[in-house]
Amino acid sequence: MICCTECFRDIEVKSIIRRLQRLGRCTTCGNLNVYIYDTETDDELTEVFETLLSAYTPVSSLPEEFPRGNLSLLKHELHDSWNIFNLDPNTIYSLVTCICRERYRSIPELFDAPIGILQSEQRSYLDENSLLKTYHWEDFVEAIKTQNRFHTDHLNEEVLQIFCSYVKKIYPVGSVFYRARISDKLGFPADQMYAPPPGMASAGRANPEGISHLYLSDEVMTTLKEVRAGAHDYVTVGRFELNEDINIVDLTAINRISAFSELNATQHAINKRHLEKINREIAKPLRRQDSHLDYLPTQYITDFIKSIKNEEGQREYAGIEYVSTMNQDEKGFNLTVFDESLFTCTALTVIHIKGLTYSAPGRYEWRPV
Ligand SMILES: [Zn+2]
């Protein structure tokens, strides 16, 4: 079977295929003049896929008491849980059985029968390898809201640190970000465009009340949306330039770590849903009716990331990056920096918001009164 770089989303797989340097027509997705891989003659993908498949056990080899609800078919698991393919489940099945031909011959039930992750039901394995040990996200939220706020037993910090290291991103000196504040026509001076003074900061998703972090965005439009500027508002936007190279944790990518990274496949697989949750929770927009307690889980995670030290005993990460749900269409993102002195506000502009565009469903559901 022939497949190509376009059949895949995973960057590791794409680069393996590209390295073969063979251009042609892909009979799987129909693309022309693309880098192709022939499962009949190439075997560079066999081992990487077999390593991932080793995380799964067919139902016939799982213990009796393994919850049936946690079983699924390999083609669905590969399609739904991992960001590997640009293909539908049935095509994934055909392709994977060709890539792992030997394995398919020896254990067909791994591909054809329901499968599960044996370790996902083993308490001792979860305690050591799962981000939330044997707990669910909701248990963690409940515990820090109502039991122990500053020392939770629910989060496995060593595991979180491992995942953070896989989404470490470097920004070089001179990188530019933006920050907006609703103002008047004259705007704010530069010294008022930084984070609020310590003790004065109100709670946000990435900072508890009183602890001041600098919230920045990738684009002017993202920061205007983040500050929720209204029609006819004047908004001062500051251009912030980075004073030195920094490392940050890119939480936009934490649920998209390659299935073929150096991470242990089983550990990665059992944490997929927790990583999805962290990615979503940190990006959730603040709403007026939110209780400040709702921010505790992401504040806790941010605070932990802030506390991670490098080998020299200094702070490893200068901040965290996450998706802007206010500017999702343009794939905007935000950067929260723990120490504002890493940036200098180098330019200012005052923007007058001419109008807003509302988006609503095409049909309204009228309720008779
Ligand atoms: Zn293709």
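Rule-based calculations on the coordinates, nothing more; no lab input. On a predicted model such as this, the values are computed, not experimentally measured, just so you know. Note that each Cβ is placed from the backbone with ideal geometry, even for glycine, and that neighbours are counted across all protein chains shown.
Before moving on, here are some points about what is shown:
- Residues 128, 6, 321 arranged by fewest to most Cβ contacts within 10 Å: 128, 6, 321
- Gain in span if fully extended, residue 352 to residue 184, counting 0.36 nm per residue against the direct Cα distance: 59.5 nm
- Net charge dipole size for the stretch 120-164 [Lys, Arg +1 and Asp, Glu -1 on Cβ; Debye, nearest 20]: 140
- For the chain, Cys with no neighbouring Cys Cβ under 4.7 Å: 29, 98, 100, 164, 345
- Packing around the peptides 245-253, 29-37, taken as the average count of other Cβ atoms within 10 Å per residue, puts them in this order, highest first: 245-253, 29-37.
- Contact order normalised by residue count of the stretch 253-369, Cα under 8 Å, 6+ apart, percent: 15
- Net charge over other residues, Cβ less than 15 angstrom from the Cβ of residue 108 (K, R count +1; D, E count -1): 0
- Contact order normalised by residue count of the stretch 120-164, Cα under 8 Å, 6+ apart, percent: 39
- Full-stretch length increase - residue 80, residue 231 - with 0.36 nm per residue and alpha-carbon distance subtracted: 50.3 nm
- Cα gyration tensor, the chain - rounded (a/c under 1.5), prolate or oblate: prolate
- Distance violations [Cα-Cα > 28 Å] among 284/306; 133/284; 169/225; 14/75; 14/284; 168/284: 14/284
- Cα gyration tensor shape of the stretch 120-164, rounded if a/c is under 1.5, else prolate or oblate by comparing a/b with b/c: oblate
- About the centre of its Cα atoms, the chain shows a dipole size close to 1300 debye [charges on the beta carbon of Lys, Arg (+1) and Asp, Glu (-1) only; nearest 20 debye].
- Efficiency of FRET from Cβ geometry, residue 105 and residue 51, R₀ 22 Å, rounded to 0.05: 0.75
- The calculated FRET efficiency for residue 284 paired with residue 41, based on their beta-carbon distance and R0 = 35 Å, is about 0.15.
- Computed helical MRE - 222 nm, the chain, DSSP H runs ≥ 4 contributing -39500 (n - 2.57), nearest 500: -8500 deg cm²/dmol
- In this label model, residue 331 and residue 364 are separated by 3.6 nm, measuring between points 7 Å along each Cα→Cβ vector.
- Result for the chain in a Gaussian network model with C-alpha springs under 10 Å: among 228, 288, 273, the largest mean-square fluctuation is at 288.
- Principal-axis analysis of the Cα atoms of the chain puts helix 137-146 at an angle of about 30° to the longest axis.
- In the chain, Cα pairs under 8 Å separated by at least six residues give a relative contact order of 18 percent.
- If the convex hull is drawn through the Cα atoms of the stretch 307-369, its volume per residue in Å³: 222
- Cα gyration tensor, the stretch 253-332 - rounded (a/c under 1.5), prolate or oblate: oblate
- Sites listed here are trypsin sites (Lys or Arg not before Pro) in the stretch 8-42 whose DSSP assignment is loop and whose Cβ has at most 16 other Cβ atoms within 10 Å: 9, 22, 25.
- Only one residue of 55, 176, 143 has its Cα farthest out toward the positive end of the dipole of the chain, where Lys and Arg carry +1 and Asp and Glu -1 on Cβ, and that residue is 176.
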